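The values are calculated or read from the model by the stated rules, or taken from the named source; none is laboratory data. Computed from a prediction, not measured in an experiment: that's the story for all the values here. Cβ sites come from the backbone with ideal geometry, for glycine too, and all protein chains shown count toward neighbours.
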Amino acid sequence: MAHSASLITTDDLARQLGAPALRVFDCTTYLKPGPDGRYVAESGRANYDKGHIPGAAYLDLQADLSDKTSPLRFTLPSLEDLTRAFAAKGVGHGTFVVLYSHASPVWASRIWWMLRAVGFDEVAILDGGLDKWKAEGRPLSTEPATHPPATLSLRGRPEIFVGKDTIKGAIGDASTLTLNALSHDQHTGAGGVVYGRAGRIAGSSCVPAASLFGPDKALKPIADLRAAFEGVGAAPDKRVLVYCGGGIAATLDAFVLTALLGHRNVSVYDNSMQEWANDPALPMETG
C-alpha cells in the first residue's frame, strides 16, 4: 500500500479508537444516475445509520459544507464559513481527524482537500474506507455520534481551489498540466454520464480517480500511482490543475499527487464540468 501521514490503515485506526483527541467522520455521499442521464446526489446518512465505525460522526457535504447560494452542486463556501462549519462539527486545534467514506474514497478526499484549504493538516484518510473496515469484520455501531464544537483558526490556502478563468488561462501553457479525473470514456466523449457537452476541457489529460484504488477501495501501491501520473507528464515541477464533474473525484487525484507523491503546486477546479460543459464559450474536445 501507499504510505503517508495523511493515510491511515484500518489497523492503526482500530488501535486509536476512543482516544480523546480523535475525531472520526463518515463523509459518504452517493451519486445515482437520474432520469435525465445526469447524477442525483443522495446523502449517505441512511447508510451511516445502518452501521458506521464506532464513535464516527457524519459529515453531510451537500447540506452542511457547500455554498447553498450556488446554482451548482457542492460549490465550496467561503473559507471563513467553512472554518466555522468544521469547528462546529468538532474539528479544531488539538484534534486528529480521520475521514472515511463508503464505495469510493473520493468523498473523504473532498473533505480532506477542503480541510487543507482552511489550513488544517492534522487529518488522514482511512485507506479502504468503510468497505475495507467491514470486509475485515471490524466492529460497527448504529448509535449516532457527534463531536463537541472546537476552536479552529483560518490559515487559508485559497490557491488550492481555482475557477474557470484559471483553467482557461492554462490552455496552451506548457508549464501547467490540466488533468481530468473522470473516466476515459467521459474524457473522450465516448460514453458515461455527461454534465452538459460531452468530452473534455481542451488540452487536458486524464488519470481517472477510479483507477487509483482497487476492489477493496484501498489505494494502489505507490509505484503504480506514480507511474499513472508520470504517464501523462505530471512532473513535480509542473503546476497541475485537476477537474472532474463537480470537484469531487478530482480531489482524489489531488490527494495522491500532494500527500503521496510530493507535488507542491496542485489545485482543484471546484465547479468543474458542471460549469465548464454548460458554457458554450469555453473550449472542449472529444476523441
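Summary of values
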| quantity | calculated |
| --- | --- |
| Single match in Ala234, Ala259, Ala227, Ala254 (criterion: hydrophobic (A, V, I, L, M, F, W, C) and over 29 Å from Arg73 (Cα atoms)) | Ala227 |
| Any hit, segment 45-54, residues being at pLDDT 95 or above, among the small types (Gly, Ala, Ser) and under 25 Å from Lys134 (Cβ atoms) | yes |
| Residue pairs meeting the criteria (Cβ under 6 Å; at least 6 apart or on separate chains; first in a loop (DSSP other than H, G, I, E, B), in segment 7-24; second modelled with pLDDT under 95 and loosely packed, with under 13 Cβ neighbours inside 10 Å) | none |
| All positions within segment 24-44 that are surrounded by 16 or more Cβ atoms within 10 Å (Cβ to Cβ) and either charged (D, E, K, R) or modelled with pLDDT under 90 (or both) | Asp26, Tyr39 |
| Scope segment 58-80; condition surrounded by fewer than 19 Cβ atoms within 10 Å (Cβ to Cβ), among the aliphatic types (A, V, I, L, M) and not in a helix (DSSP H, G or I); matching residues | Leu72 |
| Filter result for the condition that a residue is part of a helix (DSSP H, G or I) and in contact (Cβ under 8 Å) with a residue 40 or more places away in the chain, over Ala117, Ala103, Ala150 | Ala117 |
| Candidates Ala85, Ala108, filtered to the one that is of a type in the set (A, V, I, L, M) and within 18 Å of Val268 (Cα to Cα) | Ala108 |
| Selection status of Ser4, at pLDDT 95 or above, surrounded by 15 or more Cβ atoms within 10 Å (Cβ to Cβ), of a type in the set (Ser, Thr, Tyr) and assigned to a loop (DSSP other than H, G, I, E, B) | no |
| Flag for Thr83 being more than 26 Å from Leu225 (Cα to Cα), outside any loop (DSSP other than H, G, I, E, B) and of a type in the set (Ser, Thr, Tyr) | yes |
| Sole residue being surrounded by 19 or more Cβ atoms within 10 Å (Cβ to Cβ) and either over 19 Å from the mean Cα position of the chain (by Cα) or under 29 Å from Tyr243 (Cβ atoms) (or both), chosen from Ala135, Ala87 | Ala87 |
| Meets criteria (surrounded by 16 or more Cβ atoms within 10 Å (Cβ to Cβ), at pLDDT 95 or above and not assigned by TED's automatic domain parsing to the domain that holds Asp216) for Leu152 | yes |
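Yes/no matrix, rows are residues, columns are (1) among the small types (Gly, Ala, Ser); (2) modelled with pLDDT under 95; (3) assigned to a loop (DSSP other than H, G, I, E, B):
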residue	(1), (2), (3)
Leu177	no, no, no
Asp185	no, no, no
Gly192	yes, yes, yes
Arg197	no, no, yes
Gly203	yes, no, yes
